[in-house]
Amino acid sequence: MNLIKTAAAATLLIVSAGSFAAKPTSIVFKGNSETADGTPFAEYTVKCSNGKQMPLTAWDKRRKWCVGEASAENCEKKQIKAAKEACDAA
């Protein structure tokens, strides 16, 4: 019986640990910009539930969303996935 309680408590702790991860609370447009070679992109700021702010950039007419300033690496097809990735990195 004690083993079952211990296993249940451990499982509950593991599951609840995932709920404490930082999540995006808002995404704010900062402005449009261009790289040195003239490629246009849009800049955004993601506010996370842990209080941190992370930069996002949108490329290819907002079809590709990337974590970081003027970065086309670590990208996702959807804005919310990129925002979650940015908050996880914070």
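The values are calculated or read from the model by the stated rules, or taken from the named source; none is laboratory data. If you're wondering where the values come from, they're calculated on a predicted model, not measured in any experiment. Cβ: placed from backbone, ideal geometry, glycine included. Neighbour counts: every protein chain shown.
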Which residue pairs have Cβ atoms under 7 Å apart, sit 6 or more places apart or on different chains, and have a first residue in segment 48-63 that is touching a residue at least 12 places away in the same chain (Cβ under 8 Å) and under 14 Å from LYS23 (Cβ atoms) and a second that is part of a loop (DSSP other than H, G, I, E, B) and not small (Gly, Ala, Ser)?
-> CYS48/LYS23; SER49/LYS23
Over segment 39-59, the set of residues under 19 Å from GLU73 (Cβ atoms) and loosely packed, with under 13 Cβ neighbours inside 10 Å is THR39, PRO40
Does ALA22 count as surrounded by 10 or more Cβ atoms within 10 Å (Cβ to Cβ), at pLDDT below 95 and either under 16 Å from the mean Cα position of the chain (by Cα) or of a type in the set (Phe, Trp, Tyr) (or both)?
-> yes
Considering only segment 68-90, how many residues are under 20 Å from ALA21 (Cα atoms), touching a Ser or Thr at 6+ places or on another chain (Cβ under 8 Å) and free of Cβ contacts under 8 Å to residues at least 24 places away in the same chain?
-> 1
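Each row is one residue, and each column tells you yes or no for (1) of a type in the set (Gly, Ala, Ser); (2) in a loop (DSSP other than H, G, I, E, B); (3) at pLDDT 95 or above; (4) over 21 Å from ASP37 (Cα atoms).
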residue: GLY51; (1), (2), (3), (4): yes, yes, no, yes
residue: LYS61; (1), (2), (3), (4): no, yes, no, no
residue: ALA70; (1), (2), (3), (4): yes, yes, no, no
residue: GLU73; (1), (2), (3), (4): no, yes, no, no
residue: GLU85; (1), (2), (3), (4): no, no, no, yes
residue: ASP88; (1), (2), (3), (4): no, no, no, yes
